[in-house]
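The values are calculated or read from the model by the stated rules, or taken from the named source; none is laboratory data. It should be emphasised that the depicted structure is a prediction, and the values quoted were computed from it without experimental measurement. All Cβ positions, even for glycine, are placed from backbone atoms using ideal geometry, and neighbour counts span all protein chains on display.
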Amino acid sequence: MTLRRGLISADRYRSHEEVEANTMRAAAGLMALGVEPGDAIAILMRNDFAFFEASYAAQAAGVYAVPVNWHLAPAEVAHILEDSEAKVLVVHADLLRHMAERIPESVTVLTVPTPPEVVDAYGIDPSDAEPMPTCRLWSDWLAGFEPLAEVHPLPTETMMYTSGTTGLPKGVKRGRQSAEANASMAVLRDKLYGIESGIRALVAGPLYHAAPNSMALRAGRVADAVIILPSFDAEEFLSAIEREKITTTFMVPTMFVRLLKLPDDIRLRYKISSLGYIMHAAAPCPSDIKRRMINWVGPIVHEFYGGTEGGYWTVSTSEDWLKKPGTVGRPPPEVTLRALDESGNEVPVGEPGVLYGKHDFFPDFTYHKREKARQEVGHGDLITIGDIGYFDEDGFVFICDRAKDMVVSGGANIYPAEIEAVLVDMPGVADGAVFGIPDPEFGERLMAVVQTQPDADISEDGVMDYLRRHLAGFKVPRVIEFRDDLPRGDDGKIYKRRLREPYWQGHERQV
């Protein structure tokens with residue numbers, strides 16, 4: 001069977017040549033709409049071909065592409081459209097139906113029919129997938145323009161929106177770079193994501209997230225083929241690897257967990273020997289899960305640590321991790337990374353501190369319209385993305401927790417991530433979240449919300465007894481709650497704020 005080149009989604013296919021032609025028509029169309037270099041366009045879509053074309057068109061026209069999380073409520077989407085001052089919105093038809101009245105009048109809306117594989121994956125009413133009669137269709141709009149002759153000389157970065165302490169998303173807006181600097185950054189991204197000419201890349205994560213977006217858009221320029229999944233299904237993921245001879249993919253730990261939960265007769269049914277490179281990030285990976293993945297697929301599992309604001313700050317190979325279980329790797333030569341105390345002094349080896357870093361090839365950023373918020377995360381020319389971690393004697397980095405998640409109980413600093421790592425290893429536990437709730441005597445006390453595996457018989461006392469056998473007594477949560485599911489995003493991160501916030505209502509301190 002001859003393998004196709006280009007973008008592939010289920011039975012649909014678009015060649016590289018078609019993508020490029022649509023990209024340059026869209027770039028010409030943006031200019032005709034009065035979108036100028038430095039402006040923004042928003043993309044509210046699930047994974048689809050037009051997501052690539054709109055993103056590439058923004059680069060060609062020198063404007064910011066703003067991917068929008070389609071899980072957000074209409075009011076939150078409207079906030080991003082208004083805050084980014086987006087001139088254009090490219091949107092799937094079913095998503096537009098839920099928020100058409102919330103879109104600012106100044107925004108030109110271009111609608112894309114929701115494709116059949118997305119309809120099936122998310123149980124969408126097929127009638128909602130068709131554009132409303134008054135909509136301007138993306139395909140019809142493209143057809144009205146000749147391809148742009150040449151790209152703007154200074155392409156811009158994507159502007160990602162990330163949640164802040166106020167709960168409102170804030171835009172991470174980078175400064176503009178020269179063409180030479182952009183080329184250097186592309187080389188580094190290729191190395192990070194295992195991208196090179198001839199690969200066949202699998203996109204299983206949502207394109208509104210920074211890492212899948214960065215990997216997918218770069219692969220779309222370089223790879224023989226980019227196979228796009230509308231959502232992550234463990235068996236379909238393995239089937240796609242076998243069917244399309246996938247060589248490279250980006251994953252998050254939740255995907256590992258779902259793959260490993262497949263019955264052996266299903267998981268081992270598929271031939272996945274073509275897969276030679278997995279990069280994962282975005283959330284902590286339990287040690288047992290990562291070890292089992294490496295044992296299954298081989299030493300092809302890589303990891304990076306970083307964030308939307310700072311890019312990647314450390315990189316770990318399978319060999320690194322097996323030598324230093326739990327590490328997120330070491331900073332590469334182009335990265336400066338420090339662990340600092342509250343006074344801004346570097347802490348000794350082995351002692352946790354707030355991590356501050358800088359990537360030499362990432363342009364500086366600001367939070368769009370929130371310069372004060374940008375100043376609050378800076379220390380000299382370094383920034384923090386809010387994590388606490390430490391270096392060992394060999395320069396490997398270990399993440400303790402998010403600074404905002406640290407619990408101070410009776411004067412003791414407690415890192416919930418350490419407790420969660422032990423909790424998820426308990427038989428019968430599928431996942432868990434640990435956080436602080438108000439305590440009149442100690443300021444805060446620990447609470448754990450535990451998601452159990454199906455048919456597991458676990459009690460509150462059983463959880464506490466298990467944790468006492470592995471942790472100091474002051475690290476054992478005093479309150480245990482069981483739930484069938486935990487609120488989480490497509491990147492696998494648990495929305496701990498949603499769990500914690502009700503307990504702090506009415507208190508002077510807010511989470």
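For residues that are in contact with a helix residue (DSSP H, G or I) (Cβ under 6 Å, 6 or more places away or on another chain) and closer than 18 Å to A456 by Cβ, tally how many sit in region 430-445.
Result for region 430-445: 2.
Within region 155-174, count every residue that is at pLDDT below 65 and either in contact with a Phe, Trp or Tyr (Cβ under 9 Å, 6 or more places away or on another chain) or assigned by TED's automatic domain parsing to the domain that holds Y64 (or both).
1
Could you tell me whether any residue of region 366-379 is closer than 22 Å to H280 by Cα and without any contact (Cβ under 8 Å) to a residue 60 or more places away in the chain?
Checked against the condition, which is being closer than 22 Å to H280 by Cα and without any contact (Cβ under 8 Å) to a residue 60 or more places away in the chain, region 366-379 yields no hits at all.
Residues A219, A183: which one is over 23 Å from H368 (Cα atoms), of a type in the set (A, V, I, L, M) and more than 18 Å from the chain's Cα centre (by Cα)?
A183
May I ask you to say which residue of I278, I199 is in contact with a His (Cβ under 7 Å, 6 or more places away or on another chain) and modelled with pLDDT of 95 or more?
The conditions single out I278.
Name the pairs: first residue in region 57-69 and more than 17 Å from F145 (Cβ to Cβ) and in the same structural domain as P37 (by TED's automatic domain parsing), second residue among the aromatic types (F, W, Y) and buried (at least 24 other Cβ atoms within 10 Å of the Cβ), Cβ to Cβ under 6 Å, at least 6 apart or on different chains?
What qualifies is P67/Y208; N69/Y208.
From the list G350, G326, G344, which residue is in a loop (DSSP other than H, G, I, E, B), touching a Ser or Thr at 6+ places or on another chain (Cβ under 9 Å) and on the phi > 0 side of the Ramachandran plot?
One residue alone meets the criteria, G326.
Scanning region 446-467 for residues that are in contact with a Pro (Cβ under 9 Å, 6 or more places away or on another chain) and buried (at least 19 other Cβ atoms within 10 Å of the Cβ), which turns out nearest to G326 (Cα to Cα)?
Only one residue tops the list, namely L467.
Restricting attention to region 353-363, report how many residues are touching a Ser or Thr at 6+ places or on another chain (Cβ under 8 Å) and among the aromatic types (F, W, Y).
Residues in region 353-363 being touching a Ser or Thr at 6+ places or on another chain (Cβ under 8 Å) and among the aromatic types (F, W, Y): 2 in total.
With respect to S139, determine if the residue is more than 30 Å from E17 (Cα to Cα) and without any contact (Cβ under 8 Å) to a residue 60 or more places away in the chain.
Criteria not met by S139.
Go through (1) surrounded by 15 or more Cβ atoms within 10 Å (Cβ to Cβ); (2) within 20 Å of A223 (Cα to Cα); (3) more than 24 Å from the chain's Cα centre (by Cα); (4) aliphatic (A, V, I, L, M) for L3 and report which single condition fails.
(1)
Evaluate the following for E82: is it surrounded by fewer than 24 Cβ atoms within 10 Å (Cβ to Cβ) and in a helix (DSSP H, G or I)?
Considered against the rule, which asks whether it is surrounded by fewer than 24 Cβ atoms within 10 Å (Cβ to Cβ) and in a helix (DSSP H, G or I), E82 comes out as yes.
If you take the residues in region 311-360 that are among the polar types (S, T, N, Q) and within 29 Å of Q375 (Cβ to Cβ), which one is surrounded by the most Cβ atoms within 10 Å (Cβ to Cβ)?
T314
Examine region 262-272 for a residue that is surrounded by fewer than 22 Cβ atoms within 10 Å (Cβ to Cβ) and either touching a strand residue (DSSP E or B) at 6+ places or on another chain (Cβ under 9 Å) or among the polar types (S, T, N, Q) (or both), and state whether such a residue exists.
no
Please work out which one of (1) among the acidic types (D, E); (2) touching a Lys or Arg at 6+ places or on another chain (Cβ under 7 Å); (3) outside the structural domain of Y495 (by TED's automatic domain parsing) is the condition D439 fails and give its number.
Condition not satisfied by D439: (3).
Of all residues in region 425-434 being modelled with pLDDT under 90 and part of a strand (DSSP E or B), which is nearest to K261 (Cα to Cα)?
Among those residues, the one meeting the criterion is A430.
Tell me which residues, restricted to region 44-79, are among the aromatic types (F, W, Y) and assigned to a strand (DSSP E or B).
Y64, the sole residue that qualifies.
Exactly one condition in (1) surrounded by fewer than 21 Cβ atoms within 10 Å (Cβ to Cβ); (2) within 24 Å of the chain's Cα centre (by Cα); (3) in a loop (DSSP other than H, G, I, E, B) is not met by I289; state its number.
Condition (3) is where I289 drops out.
Grab the strands (runs of 3 or more DSSP E) fully contained in region 356-424, keeping just those with 2 or more residues being out of contact with any strand residue (DSSP E or B) (no Cβ under 7 Å at 6 or more places or on another chain).
Fully inside region 356-424 and qualifying: 412-414.
If K245 passes every condition in (1) closer than 17 Å to I300 by Cβ; (2) touching a helix residue (DSSP H, G or I) at 6+ places or on another chain (Cβ under 7 Å); (3) surrounded by fewer than 21 Cβ atoms within 10 Å (Cβ to Cβ) but one, which one does it miss?
It is condition (2) that K245 fails.
Just to be sure before I move on: is Y208 at pLDDT below 95 and either buried (at least 21 other Cβ atoms within 10 Å of the Cβ) or β-branched (V, I, T) (or both) in the structure I sent?
Yes: the conditions hold for Y208.
Might you let me know whether region 102-117 holds any residue that is outside any loop (DSSP other than H, G, I, E, B), farther than 28 Å from E85 by Cβ and at pLDDT 95 or above?
Yes: one or more hits.
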